[in-house]
Amino acid sequence: MRARVEELKSRLRCCNTCPHHCEVDRVAGERGFCRTGSNPVVASYGPHFGEESVLVGSKGSGTIFFTYCVMRCVFCQNFEISQLGEGEEITTEALADIMISLQRRGCHNINLVSPTHVIPMIVEAVCLAVPKGLAVPLVYNTGGYEDVATLKLLDGIIDIYMPDVKFADNQKARKYTGCRSYFDVAKAAIREMHRQVGDLRFDSQGLAVKGLLVRHLVLPNNLADSEAVLKFLAEDISPNTVVNIMAQYHPAYRTSHYPELARRIRREEYAHVVEFARALRMDRAMFSLW
């Protein structure tokens, strides 16, 4: 763990933590795409009951919302945090204490939201928290735009990977998220995640303890190319992939500038994606109540 911390922190001096590879010196105060230095910025933390039931249980998922993001989604529903920078810079020691406090409050896991750009600080915090008794699963809650070389340094540390596969078309993804080659990058990342943790597994109470849990948000006008996303998961990753097909899209942030995104999805749009998942025999898919 200590060797990985040092390797990850060294990457901050010419940052290639995420696929943007900005190569700025974050230790010296330079800022790249993520606008974050060498300390994590946290917007909020606490037991969260709005996540998947397999994470929430009876006492909640111990969610830590990191400020800023490696994606700039024009429809982001948490844009005050991810884009506008709402949050407070803290030390890794303080982050470790937050993890311990969430475990003491009974949270079933530590849910790291938008962790990609602060991986070095997270691993250092885990290294500090484990001797203090941290033992609950770590959930890596990401938009799916990940650097595989960085992910390899998380092998054996992260218990549950929860990526959101947002688009199956690179050009659309670039337009709406600012990320180059999004689907190609996300596919490679999810292959690595699955290699590390496998299909999602549960304890005797039905709580997730290890594995891959994928989210996919259905967008209006099939802008996400949902069929291609599901086909990739079923055929390239595993037919047993647990995927939450989400219906809760609503226009937010900058969608007024994009008429094709400026409405909620229709019932028939969501139903079509559900039927396609069933046709692929994705028996572990999760569906939203309309």
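Can you divide the C-alpha Rg of the range 1-155 by 2.2 N^0.38 Å and report the result to two decimal places? The partial results should precede the final answer.
Numbers: Rg = 14.8 Å, N = 155, 2.2 N^0.38 = 15.0 Å.
Taking the Cα Rg and dividing by 2.2 N^0.38 Å, one obtains 0.99.
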>> At a threshold of 8 angstrom on Cα-Cα distance, excluding pairs fewer than six apart, so keeping six or more, what relative contact order does the range 18-123 reach in percent?
In response: 31
> Which one of 77, 125, 197 has its Cα pushed farthest toward the positive end of the charge dipole of the chain, where Lys and Arg give +1 and Asp and Glu give -1 at the Cβ?
Replying inline: 77
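Using a 10 Å cut-off around each Cβ, can you sort 243, 118, 274 from fewest to most neighbouring Cβ atoms? Mind dumping the intermediate values first?
Numbers: 243 23, 118 28, 274 19.
Ascending number of Cβ neighbours within 10 Å: 274, 243, 118.
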> Looking at (i) 19.2; (ii) 22.2; (iii) 20.3, which value of Kirkwood radius over Cα pairs in Å comes from a calculation on the structure shown?
Replying inline: (i)
>> For the pair residue 272/residue 16, report the inter-label distance in nm, with labels modelled 7 Å from Cα in the Cβ direction.
In response: 4.1
> Once you measure Cβ to Cβ distances between cysteines in the chain, which Cys have no partner under 4.7 Å?
Replying inline: 14, 15, 18, 22, 34, 69, 107, 127, 179
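For each of 216, 48, count neighbouring Cβ atoms within 10 Å of the residue's Cβ, then give the residues from fewest to most. Before the final figure, lay out the partial values.
Numbers: 216 24, 48 19.
Result, fewest neighbours first: 48, 216.
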>> Running a GNM on the chain with Cα contacts under 10 Å, which residue among 120, 251, 259 ends up with the highest mean-square fluctuation?
In response: 259
>> Which residue, 29, 18, 61, has the largest displacement toward the positive end of the dipole of the range 1-148 when charges sit on each Cβ (Lys, Arg +1; Asp, Glu -1)?
In response: 61
> Counting trypsin sites (Lys or Arg not before Pro) as exposed when in a DSSP loop with at most 15 other beta carbons within 10 Å, what is the longest stretch of the chain free of them?
Replying inline: 181-262
> Where the centroid of each part is defined by its Cα atoms, how far is the range 2-21 from the range 224-279 in Å?
Replying inline: 33
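So for the chain, averaging the separation of alpha carbon pairs under 8 Å that are six or more residues apart and normalising by length, what relative contact order in percent results? It would help to have the intermediate numbers written out before the result.
Working: 597 pairs, mean separation 42.7, N = 290.
About 15 percent, as a whole number.
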> Measuring from label point to label point, each 7 Å out along Cα→Cβ, what is the residue 174 to residue 104 span in nm?
Replying inline: 5.0
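Quick check on the exposure proxy: order 10, 114 from fewest to most C-beta atoms within 10 angstrom.
Going from sparsest to densest Cβ surroundings: 10, 114.
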> Under a point-charge model restricted to the Cβ atoms of Lys and Arg (+1) and Asp and Glu (-1), what is the dipole moment magnitude of the chain relative to its Cα centre, in debye to the nearest 20?
Replying inline: 180
> For the pair residue 252 and residue 227, what calculated FRET efficiency results from E = 1/(1 + (r/R0)^6), where r is the Cβ-Cβ distance and R0 = 35 Å, to the nearest 0.05?
Replying inline: 0.90
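Values quoted throughout were computed directly from the atomic coordinates according to the rules given, and no laboratory measurement underlies them. In this text, all values refer to a predicted model and were calculated from it rather than measured experimentally. A quick note on method: Cβ atoms are made from the backbone with ideal geometry, for glycine too, and the neighbour counts reach across all protein chains shown.
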